[in-house]
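Read through the structure below, which is laid out as structure tokens, and then see the notes.
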Amino acid sequence: MSRISYGIDIEELLRENLESMEQVSIDLIGRMRADDPRLDPAEYAAFTRDPSRGGWKGIDYLREKGYDIEYPACMAHYARYDCRPRPFRPVEAVTRLIHEAGGVAVLAHPGDRLPAAGFYGHLERLVALGIDGLECYYPSHRAETTETCAALCDRRGLLVTAGSDDHGRFAEWVGGVRYAMGRMRVEESRVRLVHGAPRRRDGRNDAEIYQKSP
């Protein structure tokens, strides 16, 4: 589950997650070496990457070795060799840490992660676990998803945010949807970045408000 967190200092939690994800790539290179001796764990450890590409170190290393690393096809390598991160902390534990650090926790792109069946119920459950807001405006969100999220936020006084999910050149296009800076253009009055702040509604569906740039 992705969360966007503002105004916080939780370096230990971030470091824990980054180390967990990196270990998955270390495991992958080690296991793939049995089928491809060109892959070298020692070489991988010393490998440096261009962060402007987006993605992560394991994918960049495989790119250099000639592998197809287009997203989401690249994830098949991890699945084939059964490389998975250790379980992340529960939602309630993470939101508690964020709140203790003086921040707010916003659920990132819920329509891209939660099951369509019982979608509203899933949102309610996460709000009960301490989520302070939802990323309602997102490139792949369907109109009804945006409206459902925004309506829940209005009813519960939650934060309303927007995001383009720009990961650099990596994963810029996924399933015919473009993820890039400026991809989502939302009127400032349509978001709520401070608890208790008003959010303008004028009879139009929120899903009709945001503009998708080419």
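The values are calculated or read from the model by the stated rules, or taken from the named source; none is laboratory data. Quantities reported herein were computed from a predicted structural model and do not represent experimental measurements. Using ideal geometry, Cβ is built from the backbone for each residue, glycine included, and neighbour counts are taken over all protein chains shown.
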Among the residues of segment 199-212, is any at pLDDT below 90 and closer than 30 Å to Ala93 by Cβ? yes
Only one of Leu114, Leu39, Leu134, Leu62 is surrounded by 14 or more Cβ atoms within 10 Å (Cβ to Cβ) and assigned to a helix (DSSP H, G or I); which? Leu62
Please verify whether Arg199 is more than 18 Å from Ala108 (Cβ to Cβ), in contact with a helix residue (DSSP H, G or I) (Cβ under 8 Å, 6 or more places away or on another chain) and surrounded by 16 or more Cβ atoms within 10 Å (Cβ to Cβ), treating the condition exactly as stated. yes
Take the conditions among the aliphatic types (A, V, I, L, M), part of a strand (DSSP E or B), modelled with pLDDT of 90 or more and crowded, with 21+ Cβ neighbours inside 10 Å and apply them to Leu123. Does it pass? no
Gly121 is checked against (1) free of Cβ contacts under 8 Å to residues at least 12 places away in the same chain; (2) more than 15 Å from Ala151 (Cβ to Cβ) and fails just one. What number does that condition carry? (2)
What single numbered condition from (1) surrounded by 15 or more Cβ atoms within 10 Å (Cβ to Cβ); (2) modelled with pLDDT of 90 or more; (3) of a type outside the set (Gly, Ala, Ser); (4) assigned to a loop (DSSP other than H, G, I, E, B) fails to hold for His77? (4)
Based on what the data block shows, is Ala93 within 30 Å of Cys153 (Cα to Cα) and within 19 Å of the chain's Cα centre (by Cα)? yes
Considering segment 85-111, residues that are at pLDDT 90 or above and of a type in the set (D, E, K, R), and then whichever is surrounded by the fewest Cβ atoms within 10 Å (Cβ to Cβ), we arrive at Glu92
Which of the residues spanning segment 146-164 are crowded, with 21+ Cβ neighbours inside 10 Å and out of contact with any strand residue (DSSP E or B) (no Cβ under 6 Å at 6 or more places or on another chain)? Thr148
Can you name the number of the only condition in (1) assigned to a strand (DSSP E or B); (2) aliphatic (A, V, I, L, M); (3) over 30 Å from Gly102 (Cβ atoms) that Val160 fails? (3)
